[in-house]
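Participant: Sharing a structure with you now.
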Amino acid sequence: MRAFGRWPWGVLALVLVLAGCSGQKSVTNLNNTFNFRSNAYMAAFQDGNEPWELSFTLNEKNLINQRNYTLSNPDGQYAVMYVCPSQFKGRNHEVYLYMLTNAEMRVSSHFCRVAAADRQQFNVSGAVFKAWNNLPPGSDELAQQMAVVALSRDVNMRAYEGYAAAVFGSTHDILAYLGPLLPDNSVQPLFYYRSQPTFGSKVNEFTIDFNAKASQVIPKIVVSAVGMTPATVSIQGETGNEILSSVFGFGSAEETFLPIVTSNAKSFNVTGVPPGFFTTKDNGQPAKEGHELHVKAIDKTTKSERAVVAFFDQPTDLTVDLPSLPTGALGLAASDLVRKVTDNQEIKIRKFEIDLPAYSDSSYGTASLYQLDLRGRSSYSGPARIQWPADSNPPVYVIVPTELEWHVYVSRGWLKAHGSNKIQLPDFSSLTGWDFDWDYMGGSQGKVALDIYASEQPAGILLSHLQSGEYINGTKFGKVQRFAELVSVPSTP
């Protein structure tokens with residue numbers, strides 16, 4: 001499963017606190033620390049080019065561990081690895097590897113997805129009360145009003161008289177708008193609604209009332225959309241063999257995204273939410289929220305993807321240039337190593353060398369972050385062994401392979417300190433608790449996807465949005481993606 005398989009992107013897997021917006025060049029960091037929190041089964045850390053050291057292991061109950069490190073290398077270069085073993089049917093083993101500098105990301109929290117029974121899932125439902133007063137002249141009758149409701153980053157729906165959905169996490173903004181259903185099946189916003197309840201039980205009921213009176217239970221905001229000036233979005237660079245899709249909406253400080261306009265056209269109009277819809281923090285400063293535009297183009301033949309994400313307070317006429325595809329190719333080579341499982345058993349694992357293509361785009365700058373997703377079978381499946389043939393004498397046991405994914409994130413700052421775009425997947429077999437089940441083998445069933453994120457912003461800021469949905473004030477970045485269906489290395493015997 002791709003990390004960013006939903007649209008718009010956003011997976012609650014990593015929450016970041018950033019060191020700042022520098023990181024355009026290698027610098028000596030006065031604050032040379034890196035700290036992380038995680039519920040992973042095991043984690044390991046590398047200071048620069050020093051040997052990997054075990055942070056913690058055998059965390060079978062997914063307890064949250066915290067580790068603090070002082071970096072000895074002047075570039076602030078580090079790497080951290082987390083293992084998230086499969087805990088329920090349909091999930092693969094996952095290994096996450098982050099290679100950055102502490103000028104780009106100094107504090108992080110990585111949380112493995114656990115079984116659904118162990119997650120905080122809340123059922124949220126309620127009635128939708130349509131606007132009965134202050135309707136603009138000529139508005140349709142109440143019966144023709146339709147609401148669009150958003151409960152989290154990726155949970156939204158249309159609602160006529162009520163809504164119901166399941167969400168993870170106890171605090172989210174409930175965002176919604178109400179208006180007539182137009183002939184093209186879109187909803188024209190007339191009123192916007194906002195509240196921030198806390199989901200305190202497994203079943204929660206919250207009424208969405210678009211009338212302008214104040215709520216006695218949950219503070220709410222209801223504002224009229226009448227009078228907002230539309231803006232035009234124009235997309236340039238589409239090849240004619242690409243499928244365009246765009247989403248414009250509002251991203252709140254509590255990681256709820258309200259889609260307002262979806263389009264497959266090269267040019268379309270958008271209208272932002274009224275200023276009164278925005279909120280402020282406790283200190284009176286504006287909250288980290290605003291409008292987002294997500295545009296992507298997928299080639300119908302090669303399946304290559306180009307995408308742009310832009311953030312702004314209020315939309316104005318905007319031209320979106322699709323980023324160019326990289327001219328270089330991803331390099332992937334492998335060599336075999338032998339590791340002992342027991343005194344009488346040896347297995348082969350693979351040592352991979354990866355050559356990341358250099359990338360630069362005139363509109364979005366150089367590659368700030370590379371994301372490499374490797375999926376395939378593992379080399380060893382622990383106790384899952386079968387006797388084959390069944391009547392062999394003496395018995396011959398065959399290891400049953402399992403599926404796993406490696407997610408590798410490499411930043412511009414780390415590559416600059418490293419001095420090369422060539423990296424190697426580390427060998428963690430000497431670390432206590434490492435299972436050969438987690439060694440990536442590639443082979444004929446292996447798949448690899450490379451995402452390149454181009455921006456003048458450092459990698460940590462981009463990760464904050466890509467993996468937790470955080471709003472980034474006043475910036476944009478381009479994303480290019482290439483898929484290779486088969487890894488070009490021999491199959492494992």
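A short reminder: the numbers here are calculations on the coordinates, not readings from a lab. A quick note: this is a predicted structure, and the numbers were derived from the prediction, not measured. Because the Cβ atoms are built from the backbone with ideal geometry, glycine has one as well, and the counts that use them run over all protein chains shown.
Participant: Can you pick out the pairs among K303/K447; K281/K476; K288/K416; K288/K476; K303/K479; K61/K447 whose Cα atoms lie more than 21 Å from each other? Spell out each step's value before the answer.
Facilitator: Working: K303/K447 14 Å; K281/K476 24 Å; K288/K416 31 Å; K288/K476 15 Å; K303/K479 14 Å; K61/K447 31 Å.
Violating the 21 Å Cα-Cα cut-off are K281/K476; K288/K416; K61/K447.
Participant: So how far apart, in nm, are the two label points at E456 and N92 if each is 7 Å from Cα heading toward Cβ?
Facilitator: Going by the 7 Å Cα→Cβ label model, 3.7 nm.
Participant: Using the Cα centre of segment 54-114 as origin and beta-carbon charges of +1 (Lys, Arg) and -1 (Asp, Glu), tell me which of M105, Y78, L63 is placed farthest towards the positive end of the dipole.
Facilitator: Toward the positive end, the furthest listed residue is L63.
Participant: Label points 7 Å out from Cα along the Cβ direction at L58 and A358: separation in nm?
Facilitator: With each label point 7 Å from Cα toward Cβ, the separation is 4.8 nm.
Participant: Using 1/(1 + (r/R0)^6) with R0 = 45 angstrom and r between the beta carbons of N65 and L181, what's the FRET efficiency to the nearest 0.05? Can you show the working numbers first?
Facilitator: Numbers: r = 50 Å, r/R0 = 1.12.
For N65 and L181, the calculated efficiency is 0.35.
Participant: Between N123 and N35, what FRET efficiency follows from the Cβ-Cβ distance if R0 is 41 Å, with the result rounded to 0.05? Before the final figure, lay out the partial values.
Facilitator: Working: r = 35 Å, r/R0 = 0.86.
Working from the Cβ atoms, E equals 0.70.
Participant: Work out, step by step, the length gained on full extension between E238 and Q314: first 0.36 nm times the residue separation, then minus their alpha carbon distance; give nm to one decimal.
Facilitator: Working: separation 76, 0.36 × 76 = 27.36 nm, distance 2.54 nm.
Difference between extended and current length: 24.8 nm.
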